[in-house]
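Working notes, structure below.
Quick note: the coordinates plus some simple rules give every number you see, no bench work behind them. In this text the structure is predicted, and so the values were computed from the model without any measurement. Reconstructed Cβ throughout: ideal geometry from the backbone, glycine too, with neighbour counts over all protein chains shown.
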Amino acid sequence: MRPSAVRIFVAALLTLMACLLYLDRYAVGIASEAMRADLKMTQTQMSWFLSAFFWSYALSQVPAGWLSDQFGPRVMLTAYILGWSLFTGLMGITTTVALVLLLRFLFGAAQAGAYPVCSGMIRSWFPISQRGTASSIVAMGGRSGAVLAPILTAALMNAFTGKWQLVLILYGLAGILVALAFAWVCRDSPDEHPQCNDAERSLISADTPVTSAKTTGAHRQAFPLIPVLSSLSLWGNSLTQFFTNIGWLFVVTWLPRYLGDVHQVPLQEQAVMTAIPTAAGMAGMLCGGWWTDVAARRFGLKWGRRLPIVATRIIAACGYGFCLFMGLQFVPDPETRWLPWSIIAGLSVATFSCDLGVPAMWAYSQDVGGKHTASIMGWANMYGNFGAAVAPLLYNVILGEKPTLAQWNTLFGFCVAVFALSCVTALVIDATRPIVGKQDEVVDDE
C-alpha cells in the first residue's frame, strides 16, 4: 500500500498560515503613513503602534505554547488564526488611536502561538529525517509573506484609492478562510486523521525513537531556570538577538517612510524597494544552515556556531555603514533613483547577512538545549522580540516628528552600532556547554 499524502497537505496549510502570519504582520509598514494621516496620529503614537505588537508577541509566547499543550494544536492554531484575523479586520474599521493601539497589542498576542504550534504539528506529522525540510519550507512561507506584504498592500491600496482600511478588512476575511481550511484538513496526529492510511502512519513513525513519546508526567522536565540565568553563553545568544532585531526592524517598518520622505519615491515603487531586502534575507536563510554545518565540521562545534553569527553581524553592520556613507556623500534628487537603489543594495547586504546567521542561532539552541530545546529557543527568541519592541521607540527618539536628512543618517549610524554590539555579545556563545544542572559540563569540541 502506498502511503497517503495527508502530511503534504498539512505542510501546505502550515506554509500558507505562515505566509498570512507575516503578510498581516508587516502590511502596516507600507500603509503606516496613510494610517497616521487618517487617524491623526503623531509619529510617537505610530512608533508605539509598531512597538505594541512585539511587546505582546514576546510576552505571550510561553503562555501560547502552554495552551497548545493543554488543548491541542488543531484547536489552538485555528483559534490563533481566527484571533489575529479578527483583530486585523477590526483595525480596518476603528477610528480612534487608543483602539487601534489596543488591537495591535492583541494582534501580537494572537500571533505569538503560531510558530510554537506549527513546530508541534511538524513533529507529529513528519519523520525525523524530514522535519528539517518541512520546517524550512514553512519558514520560507513566512518570509514570502514578508516579501509580499509591501507589494500586495500597495497594489490593493492603489486599487482601493488609498483605502488601507479595506485592505486590512480583506486580509482579515482571508485569514478566516485559512483558519476554516486548517480546522477542516488538519488533525493533531496522523492517528486521528481519517484520510491518513497505515502506510503513511508507519512512514511517519519509522525513525522516531520509542522513548520520544514518553515525555509526560514523571518524565517531564522542569524548566532549568537557574542554569538559564547563569549561562553566559545563553545570555550572549539572547543579547545578540536583542541587538540584531533593533537594527533589522528598520527594513520592515520605517524604510517606506524613509524612501518617501527623503527620496520622494512613489508608493508602488516603495513597495518593490522594500520587498527586495526581505527577499535577500530569504536567500541568506537558505544558505545559513549549510554554512553553519560546514563550519561545525571544519572548526568544531564552538566556532562552527560562533563564527557564522559573529561574521554575519559584522557584514550587516557594514551594509548599514554603506547606507550611512551614501547618505553623507550624496544629496537626494527626486528626479533620479540611483541613490535610493544604492541604499536598497546596502540594506540587502545587511538583511542577507543577518538571516545568514539565523540558522546558527537555532542550531546553538538545539546543541545546548537537550530536552529543553524549545524552552531555550523561546527564551532567546523572547529577547529578540523585546529588541523589536523597543526598536520603533528608539527610532522615534532619533528621528522626531519631522526628521531631516541628518537625522536619517544618524539612524543608519545607530543601526551600525547595534549590529556591532550584537557581534560583541556573540563572541561568548559556546555551543559546547549544555544548559544543564552542572554548568561546567563540556562536550567534545572536535
Approximate spin-label separation residue 75-residue 180, in nm, with each point projected 7 Å along Cα-to-Cβ
2.2
Just to be sure I understand the model, the point goes 7 Å from the Cα along the line to the Cβ. What's the resulting residue 40 to residue 335 distance in nm?
3.9
Could you give log10 I(q)/I(0) at q = 0.13 Å⁻¹ for the chain, computed by the Debye formula over C-alpha point scatterers of equal weight, without solvent?
-1.22
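Which order do 153, 410 fall in if you start with the one that has the fewest other Cβ atoms within 10 Å? Before the final figure, lay out each step's value.
On the way: 153 25, 410 16.
Exposure proxy ranking, most exposed first: 410, 153.
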So what are the three principal axis dimensions of the range 1-206 from its Cα atoms, in whole Å, longest to shortest?
62, 35, 25
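Sorted from fewest to most neighbouring beta carbons within 10 Å, what does the list 200, 192, 33, 401 look like? Intermediate values should be presented prior to the final figure.
Working: 200 21, 192 12, 33 17, 401 8.
Arranged by neighbour count, lowest to highest, 200, 192, 33, 401 become 401, 192, 33, 200.
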What ranking do 287, 19 get, fewest neighbouring Cβ atoms within 10 angstrom at the top?
287, 19
